[in-house]
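Asks: Questions regarding the structure given below will be posed in turn.
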Amino acid sequence: MSDNRDKEQGLGNESSAGAGGGAGAGLGVGTGTVASTHQRRTPAPPAGRLIDSPPFPAAAARLIGNQTLRANMRHATHTIRAKRAKVAAELPNWEQLRQAGAQIKDRLGRHLDYYLEQLEANLIANGAQVHWAADADEANRIIIELVKAQDVDEVVKIKSMVTQEIEMNEALEAAGIAAWETDLAELIVQLGHDRPSNILVPAIHRNRDEVREIFLREMKLYGKPAPEDLDNEPAHLAAAARAHLREKFLRAKVAISGANFCVADTGTLVIVESEGNGRMCLTLPDVLISVTGIEKLVPTVEDLEVMLQLLPRSSTGERMNPYTSMWTGVTPGDGPQEVHVVLLDNGRSRVLADPEGRAALRCIRCAACMHSCPVYERVGGHAYGSVYPGPIGAILSPQLRGINDAVDKSLPFASTLCGACAEVCPVKIPIPDILVHLRHRIVEEVKRKHLGLERFLMGVAGWAMARGRRFGRLGKLAGVARRLTGREYLRRLPGPAHNWTRARDLRMPPKQSFRSWWKKEHG
């Protein structure tokens, strides 16, 4: 969330530390008093699945006209970008750390089968139960079965991109299970019947006034209501969120998390956060279900040390995250006594099989590429039709889901190829190179399926330019067309060519061609 009226980052990032830090404060005061007023059914997101979104050009054309959105996005991205640049510059070995991060993830990719087996063995040895999921449907089935086995109809959850990827909340809702988001920005999105627009700050497209309205309108429907005199100060909004979430934390028997990293040689899972809500989910419930993509591994604890320097600086612009939680299976008498880990593929093996596209799996979900992207800054994350928006979403989503529909075919073209994303990526993902690679795949597929207008026009141009005399005659005809129309520009071409003039004017040929001028001046 952002506020375009002052210099604060806003509730969605800087102030979130205050929200989470106080989540546990005063838990014994007034807790459990509103349990009877809450409804189990959680706020539903907008109707339709993300894959049903319009292609990027259509979605972007609609969103770019939203001046409030653009102001919120501009303020938030510029603020986060400046903070990141400042803390990254403090380290004289920043580029060496980036290179080390890239090499660690590449080594993991080359030997992923070995490290996954090592992780599984260490998790089991530490008392955790491991489940393998080939796709989203299998992962959701496993999670629903685990929750129902506890005879509960609600869970608390930590912010997790992979659970959004598999649309876990929607699957749980369909099974009669409420999934309560405990991250402040995710709570804003959930109560607003909205979708995240950023992988780091999900409510980056919202400002304080919008959040206040959401809290006043929605909190009373799903638990403790917001105070009637609630204003738009971040600390007061955070306090309302703490009060709303407190009784949910205390009564929850099951929590669901993702994992920022999984350490293969110890079987340790790691979450970094700024609020403390994750710490609550990892300690209070009896059962913990952690869902993670198979690419989130690091081989050793020494490798984790590198990542824990790269991630906070690249994401929130902090030297360290306020909360770094690690859990290694079950510890008798401390924390959840039943731990499940769901290892998800869901297209990652297919990405790994592409030598030119597999670098996308290095991603540590910092969002630095988004905050540096001029396209993302102007249209926001909802234009991408994916839980992974921005430059990383433009290369990751089409590979995970396959280039089968208009949304995924449009994403690799949602970029100016300026290279700003690659310059800031902490693990040096060559995003522009992968974008070009995916564009080539899409164009080649179009060529195989049908001739296409563009290919036809290029063929005509090639025929015209193959002979100088032929090209000269066509130049004279173009000049005649200019004189007959009396126009300097064409503002709308007919038929399929309309797309060319939808965002630009087409200049008409000059009245006199260069060849005619040369012949007149020089004989």
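The values are calculated or read from the model by the stated rules, or taken from the named source; none is laboratory data. In this text, all values refer to a predicted model and were calculated from it rather than measured experimentally. Please note: Cβ atoms are built from the backbone with ideal geometry, for glycine as well, and neighbour counts cover all protein chains shown.
Asks: Please tell me if Arg251 is at pLDDT below 95 and under 30 Å from Glu117 (Cα atoms).
Replies: For Arg251, the condition - at pLDDT below 95 and under 30 Å from Glu117 (Cα atoms) - is not met.
Asks: Go through (1) under 30 Å from Arg365 (Cβ atoms); (2) assigned to a helix (DSSP H, G or I) for Lys428 and report which single condition fails.
Replies: (2)
Asks: While we're here: Can you spot a residue in the stretch 295-318 that is out of contact with any Pro (no Cβ under 9 Å at 6 or more places or on another chain), within 26 Å of Asn140 (Cβ to Cβ), in the same structural domain as Asn126 (by TED's automatic domain parsing) and among the hydrophobic types (A, V, I, L, M, F, W, C)?
Replies: yes
Asks: Test Lys105 against the criterion of being assigned to a loop (DSSP other than H, G, I, E, B), within 20 Å of the chain's Cα centre (by Cα), closer than 28 Å to Asn277 by Cβ and in contact (Cβ under 8 Å) with a residue 24 or more places away in the chain, and give yes or no.
Replies: So Lys105 does not fit the description; no.
Asks: Right, here's the next one. What residue, of Glu233, Glu247, Glu213, is surrounded by 18 or more Cβ atoms within 10 Å (Cβ to Cβ), out of contact with any Cys (no Cβ under 9 Å at 6 or more places or on another chain) and not hydrophobic (A, V, I, L, M, F, W, C)?
Replies: None of the others qualify; the one that does is Glu247.
Asks: Considering the stretch 286-313 alone, what residues qualify as being in a helix (DSSP H, G or I) and either under 23 Å from the mean Cα position of the chain (by Cα) or of a type in the set (Phe, Trp, Tyr) (or both)?
Replies: Leu304, Val306, Met307, Leu308, Gln309, Leu310, Leu311, Pro312, Arg313
Asks: While we're looking at this one, here's another question. Regarding the stretch 238-257, can at least one residue be identified that is closer than 16 Å to Met326 by Cβ and either in the same structural domain as Leu184 (by TED's automatic domain parsing) or without any contact (Cβ under 8 Å) to a residue 60 or more places away in the chain (or both)?
Replies: There is at least one residue in the stretch 238-257 that is closer than 16 Å to Met326 by Cβ and either in the same structural domain as Leu184 (by TED's automatic domain parsing) or without any contact (Cβ under 8 Å) to a residue 60 or more places away in the chain (or both).
Asks: Within the stretch 398-407, can one find any residue that is surrounded by 20 or more Cβ atoms within 10 Å (Cβ to Cβ) and free of Cβ contacts under 8 Å to residues at least 60 places away in the same chain?
Replies: yes
Asks: Take the stretch 153-176 and flag every residue that is farther than 17 Å from Met280 by Cβ and over 25 Å from the mean Cα position of the chain (by Cα).
Replies: Answer for the stretch 153-176, where residues must be farther than 17 Å from Met280 by Cβ and over 25 Å from the mean Cα position of the chain (by Cα): Asp153, Ala175, Gly176.
Asks: When you scan the stretch 465-523, how many residues do you find that are under 30 Å from Pro57 (Cα atoms) and among the aliphatic types (A, V, I, L, M)?
Replies: 6
Asks: Residues being under 14 Å from the mean Cα position of the chain (by Cα), over 21 Å from Ile442 (Cα atoms) and not small (Gly, Ala, Ser): count how many of those fall in the stretch 343-378.
Replies: The total comes to 10.
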